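Below is one structure, written out as structure tokens, with a few remarks after it.
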């Protein structure tokens, strides 16, 4: 029996972990024992616990309760806590997701103890080194024994960085592997989409008409912490809503709500901008499935919009999911008022195509079989 430690800390990682835990239970129960460590990076119940409850993920075996803090101190606490767990028990490898401080901490702690690192969502690049997420994902890829790339573009990024020709070896003289496995979030979207309406009545509760509202999410620091950027986004949403007579649903991260409430704003939000609490997993699926268009600075929401064949205005200067832009299903508008307005009209006024780019909805099974073969 192979023992694997899954490390999660932020809300998107909890959701991604559902696909792996489901595959362990349904396909690999006699070969893999999964333990879960929650760093506590997201500690608000609406941002964390609700996802364990909704998605049927096993409760964490370990919870570090790290909470918020500056990058250095937060990551240091995580490294120390993860190291203690790895020293106190035996694991054949750790699974890490994405690009958060929890990801970085897990990679550093495990690599120092020669525990194989398996990185899901490897090879994603924004090429913006001022983003903490870019630093985290690059470091994790370099320390990973297996880089699980979700798309061909991610594989190409790793190839261009020399991963295919790397002479790096890991414990036992093993070489790094790169695997194009597909996207575990596509697994989840297909699996949960059919049951979302049974778990959420948010469309009815908010009095929304399907395909006649905008779903917007804003959470990245450079948008929420810079008044000019946040005001430009809010002004664009306001003007689009009023001119097109279309409501905007804006589930606010607790931190973003606090910033808006504590800072004088030049934007007077109309009633058509519906600010709601952070959406649960099934609620966000229902909102994505039923929106006319999505406007977001979240990488995960960009993808989910694509999965549900909804065009997306990207509220960032770049995206890791370049396939979405290359196929005309998303437009990068950053926090520029005019670009947001223009992107919105281009996407709603022209047909958009959504080719199958993210695998076959069996990424989790491929990942686990590859791990078994490696171990």
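Quick notes
Each row is one residue, and each column tells you yes or no for (1) part of a loop (DSSP other than H, G, I, E, B); (2) touching a residue at least 12 places away in the same chain (Cβ under 8 Å); (3) touching a strand residue (DSSP E or B) at 6+ places or on another chain (Cβ under 8 Å); (4) closer than 28 Å to residue 204 by Cβ.
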position	(1), (2), (3), (4)
232	no, yes, no, no
239	no, yes, no, yes
286	no, yes, no, yes
295	no, yes, yes, yes
301	no, yes, yes, yes
309	yes, yes, no, yes
331	no, yes, yes, no
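- Taking the numbered list (1) at pLDDT 95 or above; (2) surrounded by fewer than 20 Cβ atoms within 10 Å (Cβ to Cβ); (3) in contact with a helix residue (DSSP H, G or I) (Cβ under 8 Å, 6 or more places away or on another chain) in turn, residue 69 passes all entries but (1).
Here's the yes/no breakdown for (1) surrounded by fewer than 17 Cβ atoms within 10 Å (Cβ to Cβ); (2) touching a residue at least 40 places away in the same chain (Cβ under 8 Å):
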position	(1), (2)
32	no, yes
37	no, yes
53	yes, no
61	yes, no
85	no, yes
104	no, no
119	no, no
122	no, yes
134	no, no
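- Condition check for residue 137: more than 19 Å from residue 14 (Cα to Cα), at pLDDT 95 or above and assigned by TED's automatic domain parsing to the domain that holds residue 86: no
- Sub-8 Å Cβ pairs linking a first residue in the range 272-284 that is under 11 Å from residue 252 (Cβ atoms) to a second residue that is buried (at least 21 other Cβ atoms within 10 Å of the Cβ) and at pLDDT below 90, at least 6 apart or interchain, are 275/252; 276/252; 277/252; 278/252; 278/253, ordered by first then second residue.
- Being under 19 Å from the mean Cα position of the chain (by Cα) and assigned to a strand (DSSP E or B) is not true of residue 127.
Okay, residues lined up against (1) touching a strand residue (DSSP E or B) at 6+ places or on another chain (Cβ under 6 Å); (2) within 30 Å of residue 54 (Cβ to Cβ):
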position	(1), (2)
249	yes, yes
268	no, no
271	no, yes
278	yes, yes
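- Count of the range 160-170 residues, restricted to those that are part of a helix (DSSP H, G or I) and touching a strand residue (DSSP E or B) at 6+ places or on another chain (Cβ under 8 Å), is 2.
Residues are listed down the side, and each one gets a yes or a no for (1) at pLDDT 85 or above; (2) farther than 22 Å from residue 375 by Cβ; (3) within 19 Å of the chain's Cα centre (by Cα):
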site: 5; (1), (2), (3): yes, no, no
site: 31; (1), (2), (3): yes, no, no
site: 39; (1), (2), (3): yes, yes, yes
site: 43; (1), (2), (3): no, yes, yes
site: 61; (1), (2), (3): yes, no, no
site: 86; (1), (2), (3): yes, no, no
site: 90; (1), (2), (3): yes, no, no
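The values are calculated or read from the model by the stated rules, or taken from the named source; none is laboratory data. Values in this document were obtained by computation on a predicted structure and should not be read as measured data. Here Cβ is always computed from backbone atoms with ideal geometry, including for glycine, and neighbour counts include all displayed protein chains.
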